[in-house]
Each structure stands twice: as structure tokens, then as C-alpha cells.
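*Asks:* Sharing a structure below in C-alpha cells format, with a few things to ask.
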Amino acid sequence: MGFLKKTIINSLVFLALAYLMAPEFYVRNFWTALMASFVLAIVNFLIKPILSFLSFPITLLTFGLFSLVINGFMLYLTSWLVGSGFQFANFGTAFVVALIMSLVHYFLNRENTYN
């Protein structure tokens with residue numbers, strides 16, 4: 001998937017999940033979701049490789065499941081960088097959003113491999 005397509009999909013997933021998880025996850029509007037998607041892309045590009053490298057032993061021990069914790073941390077960091085328009089009530093909510101976003105991207109990428 002292209003960068004712009006992923007960013008728009010992330011924005012739409014953020015908005016849908018903010019609606020479904022209303023008190024726990026808050027997104028002010030589409031533009032805030034779009035900005036959060038851009039910030040998440042930058043955070044994933046700059047910080048995630050370092051964290052993935054440092055946490056490789058525990059990721060190996062958990063058969064890759066610790067990468068979901070890293071994804072949750074990336075979302076939590078994104079919410080801190082974006083500010084009050086994009087907030088999680090706690091880390092557990094960020095973890096659930098990261099899990100759902102991983103599933104959405106998995107199914108979208110899986111469908112692209114068959115076309």
C-alpha cells in the first residue's frame with residue numbers, strides 16, 4: 001500500500017474506533033486523525049526500529065506478540081505528540097487500538113497479495 005493510502009486508512013480507523021470506544025479513545029475531527037496518522041508514520045519510521053531492535057529478545061520469547069506492545073507504545077507516544085485532540089484514557093486502550101489497526105492492515109495487505 002502507498003503512504004497516502006495507509007495514512008487515510010489509519011485516519012478512518014482512528015475515527016471509527018474513537019466512535020466505538022468513545023470514553024476511552026478521543027479524536028477531535030478528521031484533520032486531527034489525519035495529523036495523528038502522519039505523526040504515527042514519523043514515529044514508526046524514527047523510533048520503532050530502535051525499540052524493535054532493543055526488544056528483540058523479549059519479542060522472540062513471546063513469539064512476536066511483544067510487537068503489539070511496541071505498537072501500542074507508538075500510538076501512546078503519538079497521542080502525546082499530537083496533543084489534546086487525540087487521546088487515550090490509558091495504555092490498555094492504545095494497545096487495543098494497535099491490535100485492531102494491525103488486524104485491519106493485515107486484512108488489507110492480504111487482499112492485495114491475491115489481486
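*Asks:* Kindly indicate whether any position in region 70-93 is under 20 Å from Lys5 (Cα atoms), touching a strand residue (DSSP E or B) at 6+ places or on another chain (Cβ under 6 Å) and either polar (S, T, N, Q) or loosely packed, with under 13 Cβ neighbours inside 10 Å (or both).
*Replies:* Scanning region 70-93, I find no residue that is under 20 Å from Lys5 (Cα atoms), touching a strand residue (DSSP E or B) at 6+ places or on another chain (Cβ under 6 Å) and either polar (S, T, N, Q) or loosely packed, with under 13 Cβ neighbours inside 10 Å (or both), so the answer is no.
*Asks:* Do any helices (runs of 4 or more DSSP H) entirely within region 25-115 hold 2 or more residues that are touching a residue at least 12 places away in the same chain (Cβ under 8 Å) and touching a helix residue (DSSP H, G or I) at 6+ places or on another chain (Cβ under 7 Å), and if so, which?
*Replies:* Here the list reads 30-46, 48-54, 66-82, 91-114.
*Asks:* Of all the residues that make up region 1-24, how many are within 22 Å of Tyr106 (Cβ to Cβ) and outside any helix (DSSP H, G or I)?
*Replies:* Going through region 1-24 one residue at a time, the tally reaches 3.
Every read-out reported here was derived from the displayed coordinates using simple, explicitly stated rules and does not represent laboratory data. These numbers were taken from a predicted model, which means no experiment stands behind them. When we count neighbours, we look across all protein chains shown, and the Cβ atoms used for this are built from the backbone with ideal geometry, even at glycine.
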